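Take a look at the structure set out below.
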Amino acid sequence: MMIMSASPGLRIGPSDKVFVLTGAGISAESGIPTFRDANGLWCGYRVEDVASPGAWARNPQLVWRFYSMRRRGALTCKPNAGHVALAALEHELDDRFFLCTQNVDNLHEQAGSRRLVHMHGELLKSRCDSCDRQPFEDTALFESTVPRCECGGQLRPHIVWFGEMPLEMERIAQELERCTMMLVIGTSGLVYPAAGFVSMVRERQASTDGGVRTIYVGPEEPANSRAFDQCCLGTAAQVLPGLITVD
Ligand code: NAD
């Protein structure tokens, strides 16, 4: 693995297909704290008290209050140069680009990204905890009672809590299978299954001739750094804008 403090200038060839994975770090420069920056607490709460099915069963009001606080914060944030660079790359590559984000904010969409999935859900959507109603846009902030669906069930934030299954895993598996380059940005390499994606594509690399290039971008090496060909040390907004050239 090569560690670089300056951007190495990655070239994307005409047959390359790029899989991008982003984590909380890409939104840090937009003012949304990462989990780590908050010392394992989110807005002063322990994760197990607000981000698990057990927490929802015990105290849905507290869970709603917590996610309303995060909604309020996210509503005023704007994408940074890192989000913008990824949207521009998608524009050039079209269906040779795929973005999987662990983030629940909508800063990638605000920057113009369209070919993306939110594997941990979306903060500005809600869904019913009882019926099959599709998740819907919701920027409402919590008042005094937990909102109800027309079916009578409780509405919950459209968030994948600890212990729940991430979303869109089939689509993600297909894109992991076809990519020739993986670019991972601002994630600690500790939260699975996302932290295992880079090893999955490296296993593929071992069994095929082509080889998948794996690159990490962030201010420090992630826990799974050994699985990357290169780690570009720097922030997303500093490194991404000059990182890639499309041939
Ligand atoms: P994490 O908080 O565990 O790790 C953040 C990573 O980002 C660290 O490795 C850090 O070095 C890196 N980082 C910090 N500033 C950066 C910058 N300016 N540019 C690039 N990288 C930077 O986050 P995680 O690994 O994504 O996992 C925590 C879980 O919490 C995930 O599900 C995550 O999506 C969720 N979360 C989401 C948001 C959001 O939606 N914006 C915010 C906090 C946590």
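Assorted remarks:
- Count Lys and Arg as plus one, Asp and Glu as minus one, and take only other residues whose Cβ is under 10 Å from that of Arg115; the net charge is then -2.
- Evaluated at q = 0.10 Å⁻¹, the base-10 log of the normalised Debye intensity for region 155-242, with identical point scatterers placed on the Cα atoms, takes the values -0.30.
- With K and R counted +1 and D and E -1, the other residues having a Cβ less than 12 Å from that of Leu167 yield a net charge of -1.
- Of all DSSP beta bridges in the chain, antiparallel share, percent nearest 5: 25
- Sorting the segments 141-148, 94-101 by their mean number of nearby beta carbons within 10 angstrom, highest to lowest, gives 94-101, 141-148.
- Tail beyond 31 Å, pair distance distribution of the chain (Cα, percent): 25
- Sorted fewest first by neighbouring Cβ atoms within 10 angstrom, Lys17, Lys78 come out as Lys78, Lys17.
- The label-point distance for Leu141 and Gln154, in a model that sets each label 7 Å from Cα toward Cβ, rounds to 2.2 nm.
- Spatially, region 71-93 and region 18-39 are offset by 12 Å when compared through their Cα centroids.
Coordinate-derived values only; no laboratory data. Being a predicted model, the structure only gives us computed values, none of them experimental. Every residue, glycine among them, receives a Cβ derived from its backbone with ideal geometry; neighbour counts consider all protein chains shown.
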